[in-house]
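This report concerns only the one structure given below.
The values are calculated or read from the model by the stated rules, or taken from the named source; none is laboratory data. Computed from a predicted structure; not experimentally measured. With ideal geometry, Cβ positions are generated from the backbone for all residues, glycine too; neighbour counts draw on all protein chains shown.
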There are 2 protein chains.
Amino acid sequence: MELLSNDAIQEALKELPNWEIVDKKWLERKFKFNHYLSGIDFVNELAKYAEEKIHHPVIIIDHTTVTLRISSIEIGGLTDLDVEMIKHFNQLFKNQNKN
Amino acid sequence: MELLSNDAIQEALKELPNWEIVDKKWLERKFKFNHYLSGIDFVNELAKYAEEKIHHPVIIIDHTTVTLRISSIEIGGLTDLDVEMIKHFNQLFKNQNKN
């Protein structure tokens with residue numbers, strides 16, 4: 001897995017408007033929920049997926065806000081895997097808010 | 001619910017050796033797990049309890065380390081409720097590691 005170029009990251013971010021770059025090597029998004037346990041349900045879903053991928057974002061649960069922060073930190077920055085997983089996190093959030 | 005005095009906090013900490021004061025108003029502990037999903041199980045248990053108590057610690061999941069940070073931030077510091085909940089978090093962790 002190779003590091004993405006800055007251009008590739010900027011291109012990917014065009015489709016990921018809620019995500020922002022932090023410290024040049026992380027992508028971060030805050031997900032807001034109406035209920036505390038809905039946020040916990042989201043964490044369960046994304047954690048199962050992260051474990052399948054053997055790639056684990058940092059998860060911060062502050063009441064009804066769940067922040068995800070992801071990077072391929074072992075190689076020092078962002079890769080296609082991070083972008084692929086971010087799209088799946090967004091989809092999980094959308095699916096949950098349909099119900 | 002009243003703020004605990006510094007003396008009362010120090011007294012409580014004698015029984016809570018793994019917890020430390022952060023920024024004068026939070027108590028924090030890192031819990032380490034052998035498996036990522038064991039940490040997630042712990043988060044589920046403590047989140048149910050936090051919701052019952054209507055008092056929610058900040059939870060940070062960084063691979064197999066789960067950090068809890070608690071305060072009665074709405075009144076600016078630590079109370080008996082924080083200490084009561086910390087003891088329960090410790091117990092949940094112990095119970096999980098018995099199995």
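Observations
- Test: residue in region A:15-22 that is farther than 29 Å from B:Phe42 by Cβ and part of a strand (DSSP E or B): yes
- Condition check for B:Glu45: closer than 30 Å to A:Ala50 by Cβ and not in a loop (DSSP other than H, G, I, E, B): yes
- Residue check: A:Asp82 meets all listed conditions (1) touching a residue at least 40 places away in the same chain (Cβ under 8 Å); (2) surrounded by fewer than 19 Cβ atoms within 10 Å (Cβ to Cβ); (3) more than 21 Å from B:Ile59 (Cβ to Cβ) but one, namely (2).
- Selection within region A:44-72 - among the hydrophobic types (A, V, I, L, M, F, W, C), crowded, with 18+ Cβ neighbours inside 10 Å and facing chain B (nearest Cβ under 7 Å): A:Ala47, A:Ile59, A:Ile60, A:Ile61
- Counted residues, region B:49-99 - those being out of contact with any Leu (no Cβ under 8 Å at 6 or more places or on another chain), modelled with pLDDT of 95 or more, among the charged types (D, E, K, R) and in a helix (DSSP H, G or I): 3
- Filter result for A:Leu92 (within 22 Å of B:Ser38 (Cβ to Cβ), touching a helix residue (DSSP H, G or I) at 6+ places or on another chain (Cβ under 8 Å) and away from chain B (no Cβ under 14 Å)): yes
- Of all positions in region A:20-42, at least one carries a residue that is within 10 Å of chain B (Cβ to nearest Cβ) and either under 19 Å from B:Thr64 (Cα atoms) or at pLDDT below 95 (or both).
- Restricted to region A:36-57, and to residues there that are in contact (Cβ under 8 Å) with a residue 24 or more places away in the chain and within 16 Å of B:His63 (Cβ to Cβ), the residue that is nearest to the chain's Cα centre (by Cα) is A:Pro57.
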